[in-house]
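Visitor: One structure, as C-alpha cells, below. Some questions next.
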Amino acid sequence: MSLISWLRWNEAPSRLSSRSPAEMVLETLMMELTGQMREAERQQRERSNVVRKVCTGVDYSWLASTPRPTYDLSPSERLQLEDVCIKIHPSYCGPAILRFRQLLEEQEPEVQEVSGLFRSVLQEVLERMKQEEEAHKLTRQWSLRPRGSLATFKTRARISPFASDIRTISEDVERDTPPPLRSWSMPEFRAPKAD
C-alpha cells in the first residue's frame with residue numbers, strides 16, 4: 001500500500017464545471033420555474049380538494065394517490081423562456097428568483113399563469129440590467145472626460161458679485177444717504193468717489 005494515496009487528501013478536486021455561467025443561470029432559472037409550477041399545481045389541487053370537501057362533506061383524500069403533474073410548458077414557450085434566461089447576467093439570477101417568489105406569494109396564480117409571471121420578472125431584470133449598463137457607461141464617460149483645473153476656470157470667468165450694469169432703486173437711495181458711522185473698533189472703509 002502506497003502513502004501517495006493518503007497524502008492526496010488536501011488536493012483540490014480535479015472535477016471542474018465545464019458549463020459556462022450563462023448555462024448555469026439558464027439551468028437554475030428553469031429549475032426554479034419547474035419547481036414553482038409544481039408547487040402551484042399542488043396548491044391548486046389542495047384548494048379544489050378543500051372546496052370539494054366543503055361541498056360534499058366527505059374527505060376521501062386518504063384514499064386518493066398523488067396525481068402526476070398535468071400542466072407542462074409547450075416546447076416553443078420553453079425555448080422562448082430559455083432565450084430570455086440566457087441573457088440574464090449571473091449576478092442578477094438570485095434577485096430574479098427572489099422577485100419571482102415574492103410575486104408568486106403575493107398573487108397565488110394558477111399553474112397556467114406561472115410562466116407568464118416568470119416572463120414578466122425576467123423582463124424586469126433585463127430592463128434593470130440595461131438601465132444599470134447605461135448608467136455605468138455614462139459614469140465611465142464622465143470619469144474619462146478631461147477635467148479642467150480650478151485655475152483655468154478662474155482665468156476664464158471673473159465673478160464680481162457687486163459690479164453690475166443694472167441700476168436698482170436701492171442703489172440710488174444708498175448713494176444719497178451718508179455712510180453710517182462705524183464703531184471705534186472697526187476701521188473706516190470708504191470707496192473712492194468717481195465724480
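Visitor: Is it true that S61 is under 20 Å from R128 (Cβ atoms) and either outside any helix (DSSP H, G or I) or at pLDDT 70 or above (or both)?
Guide: In short, no.
Visitor: Of the conditions (1) at pLDDT 85 or above; (2) open to solvent by 100 Å² or more (accessible area, probe 1.4 Å); (3) over 20 Å from V25 (Cβ atoms), K130 satisfies every one except a single condition; which number is it?
Guide: Of the numbered conditions (1) at pLDDT 85 or above; (2) open to solvent by 100 Å² or more (accessible area, probe 1.4 Å); (3) over 20 Å from V25 (Cβ atoms), the odd one out for K130 is (3).
Visitor: Restricting to the range 87-114, name every residue that is within 19 Å of the chain's Cα centre (by Cα) and β-branched (V, I, T).
Guide: Correct list: I88, I97.
Visitor: Just to be sure, is I88 surrounded by 13 or more Cβ atoms within 10 Å (Cβ to Cβ), β-branched (V, I, T) and either modelled with pLDDT under 80 or not in a helix (DSSP H, G or I) (or both)?
Guide: The answer is yes for I88.
The values are calculated or read from the model by the stated rules, or taken from the named source; none is laboratory data. What you see is a predicted model; the values in this text were computed from it and never measured. Please note: Cβ atoms are built from the backbone with ideal geometry, for glycine as well, and neighbour counts cover all protein chains shown. We work out accessible area using only protein heavy atoms, side chains counted, and drop any ligands, DNA or RNA first. Shrake-Rupley method; radii C 1.70, N 1.55, O 1.52, S 1.80 Å.
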